[in-house]
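Report on one structure; see the data block that follows.
The values are calculated or read from the model by the stated rules, or taken from the named source; none is laboratory data. These numbers come from a predicted model, not from an experiment. Protein only, heavy atoms only, side chains kept; ligands, DNA and RNA dropped before computing areas. Shrake-Rupley method; radii C 1.70, N 1.55, O 1.52, S 1.80 Å.
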Amino acid sequence: MFDGYDSCSEDTSSSSSSDESEEEVAPLPSSLPIIKNNGQVYTYPDGKSGMATCEMCGMVGVRDAFYSKTKRFCSVSCSRSYSSNSKKASILARLQGKPPTKKAKVLQKQPLVAKLAAYAQYQATLQNQAKTKAAVPVEGFSWGNYINSNSFTAAPVTCFKHAPMGTCWGDIAEGVRVEVPNTDCSLPTKVFWIAGIVKLAGYNALLRYEGFENDSSLDFWCNICGSDIHPVGWCATSGKPLVPPRTIQHKYTNWKAFLVKRLTGAKTLPPDFSQKVSESMQYPFKTSMRVEVVDKTHLCRTRVAVVESVIGGRLRLVYEESEDKTDDFWCHMYSPLIHHIGWSRSIGHRFKRSDISKKQDGHFDAPPHLFMKVKEVDAAGEWFKEGMKLEAIDPLNLSAICVATIRKVLADGYLMIGIDGSEAADGSDWFCYHATSPSIFPVGFCEINMIELTPPRGYAKLPFKWFDYLRETDSIAAPVKLFNKEVPNHGFHVGMKLEAVDLMEPRLVCVATVTRIIHRLLRIHFDGWEDEYDQWVDCESPDLYPVGWCQLTGYQLQPPAPQSSRDSQSSSSKQKKKAKSQQYKGHKKMTSLQLKEELLDGEEYSFLQGASDQESNGSASYYIKQEP
């Protein structure tokens, strides 16, 4: 009956670093004014930052160290808690979502790192509260209804090479036929019928039973990688009955002839599709493996953690010293934040020595070959040097690209970077990026691509101009040619929907939208939340997933904030944010000629004007060097 159908197919670990002592970091230049706040030292170019009071917790601190442009909150956690309380429903929508595992509570959560030591006790209190409160499950959200009601488009699975089936999705598209359970049937046994894909949204497909023609009354959404979705011909080989839906049983007397006519030459899933799905969801990391991971309370160092669980390639890591296993950190197995045991010592990175003298029973070091490899670099010739200036995504505020400085050059191409104007004197908030990281950019990148550059906190000479700043700080810009300029043909477009990790709360995966594309850089907006929570993410980030990934892997998806909570937003708050942000917009523009003459110290470079959001996808470079 189904003859003629086409198919869509297409070393050992190093020794533990636990015995190492923490490496000393050179202090910042003493010539800069400093401000002390409850024992924590911060440097500011003008030394006149003033104080502020957090509207959420009431903490008093240095104003320029407060979160966001409005300076109303001391941390991301307080900002979100305040927003949640005022909206009344957003805790249910996002912060109190059902956790990915029974052991992970999702209530009040700490920010990635606290910028002021004065807030440590307050954050600890929030943690203790989170342990005792019950998580509230989030129900009622449907990707299908969300996409249908708003005519949204989802990013295709092929955009996510790290996700299941990302590299073997094949020709699955609208028009492909599959065999699915027939829900429009009164028979007591489970029967199947053939359906065609009407619309594809990530892993999710809108299906219509064969024979319904233009009638969409029984259309339904399902995950194409689900266990009940089969290629045409599966029922015949498995002895399962094909029964037409009751609604259209009267339309034809010879259904076999109808199917032969309709399905001859049609495409279906590859015969081994379910096997490929299963294989792509096998993950090499196992529970009890030991790794080195960034210390979420001090970004400048790493700690030993143990894999507690693996969900869809995402790892719940518990820091080795956590006796009750509540001090955890979530990241993907391909995250640049995790490394094999011994990595810190091998490159000269700071490392927190563990109080545990030996491995616990059953724990073992993850093999080095499991970790994501970085590109090899040649640091023998011209290379990054300490003190060079650049632009970098702030890991503590991922919506901002900031003025930054290379504070230390490590081995194997790794760099320690600090955000100008908000660094702790001991370097405890420096962070590590590889030289090929898509999160660091040459001086002038934001200007050329019309992105708002965040000047140093407390810097009074606005509008900010790189030339003036370099002269004032007696520093030079990192050479353009040292940065990663590769732009893959990623396939993303503005407006596409996806599921994205909130990197400030990395246990949360949320409904999100691509709102800007600058070459390989994506601006990710969390639906239902304000723009200040947007995050800049690389197009190949392992923290982005297709629509339907949470359903496929069993991870909890955080839905958009309810419309009612969005409407209740304070107009005065919006006006304040708008007025504040306008101080930094429209004043920093320089011409390409000015940048070339002022920043590159005589080298002849020309800048490619930033492509539009719709045209940024493709193999291109940020900059092109003029040959002599």
Of all the accessible heavy-atom surface of the range 316-387, with the other protein chains kept in place and a 1.4 Å probe, what percent is carbon and sulfur?
-> 51
For the range 172-269, what does the alpha-carbon gyration tensor say about shape, rounded, prolate or oblate, given a ≥ b ≥ c as the root eigenvalues, a/c under 1.5 as rounded, and a/b over b/c as prolate?
-> rounded
Relative contact order of the range 496-558, pairs being alpha-carbon contacts under 8 Å that are 6 or more residues apart, as % | 34
How do HIS298, HIS250 stack up against each other in accessible area, from largest to smallest, with a 1.4 angstrom probe?
-> HIS250, HIS298
Value of relative contact order over the range 388-482, rounded to a whole percent, pairs C-alpha under 8 Å and six or more apart = 31
Amide H to amide H, which residues 5 or more places from SER422 or on other chains are under 5 Å from it, using H placed in the peptide plane?
-> ARG457
From the backbone phi of the range 473-480, what are the Karplus-calculated ³J(HN,Hα) couplings (6.51 cos²θ - 1.76 cosθ + 1.60, θ = phi - 60°) in whole Hz, Gly and Pro given as x?
-> 8, 6, 10, 10, 7, 5, x, 4
Could you rank LEU200, LEU337 by how accessible they are, 1.4 Å probe, largest area first?
-> LEU337, LEU200
In percent, how large is the relative contact order of the range 165-238, given Cα pairs closer than 8 Å and 6 or more residues apart?
-> 29
When each of LYS375/LYS461; LYS325/LYS497; LYS296/LYS325; LYS161/LYS352 is checked by Cα-Cα distance, pairs over 27 Å = LYS375/LYS461; LYS325/LYS497; LYS161/LYS352
Based solely on C-alpha atoms, express the radius of gyration and the Dmax of the range 283-365 in angstrom.
-> 11.8, 32
What percentage of the solvent-accessible surface of the range 388-482, computed with a 1.4 Å probe over protein heavy atoms, is contributed by carbon and sulfur atoms?
-> 55
Residues with amide H under 5 Å from that of MET496, placed H, sequence gap 5 or more = VAL514
Starting from the amide H of GLN558, placed 1.01 Å from N in the peptide plane, find each other amide H under 5 Å away whose residue is 5 or more places distant or on another chain.
-> VAL509, CYS510, VAL511
Can you work out D for the range 496-558 in µm² s⁻¹ from Stokes-Einstein, where Rh is the Kirkwood radius over C-alpha pairs, the temperature is 25 °C and the viscosity is 0.890 mPa s?
-> 210
Rounded accessible area per residue of the range 172-269, 1.4 Å, Å² = 46
So what J values fall out for the range 150-166 if you push phi through Karplus, 6.51 cos²θ - 1.76 cosθ + 1.60 with θ = phi - 60°, rounded to Hz, Gly and Pro as x?
-> 10, 6, 7, 10, 9, 5, x, 4, 5, 6, 10, 5, 7, 8, x, 6, x
Any idea of the accessible area per residue across the range 388-482, 1.4 Å probe, to the nearest Å²?
-> 27
With every protein chain in place, the accessible area of VAL377 for a 1.4 Å probe, in Å² rounded to the nearest 10, comes to 50
What is the range 388-482 by shape, rounded, prolate or oblate, if you read a ≥ b ≥ c off the alpha carbon gyration tensor as root eigenvalues and call it rounded for a/c under 1.5, prolate for a/b larger than b/c, and oblate otherwise?
-> rounded
Got a sec to turn the phi values of the range 378-394 into Karplus ³J(HN,Hα) couplings, 6.51 cos²θ - 1.76 cosθ + 1.60 with θ = phi - 60°, whole Hz, x for Gly and Pro?
-> 10, 9, 6, x, 5, 8, 4, 10, 4, x, 5, 9, 7, 10, 8, 5, 6
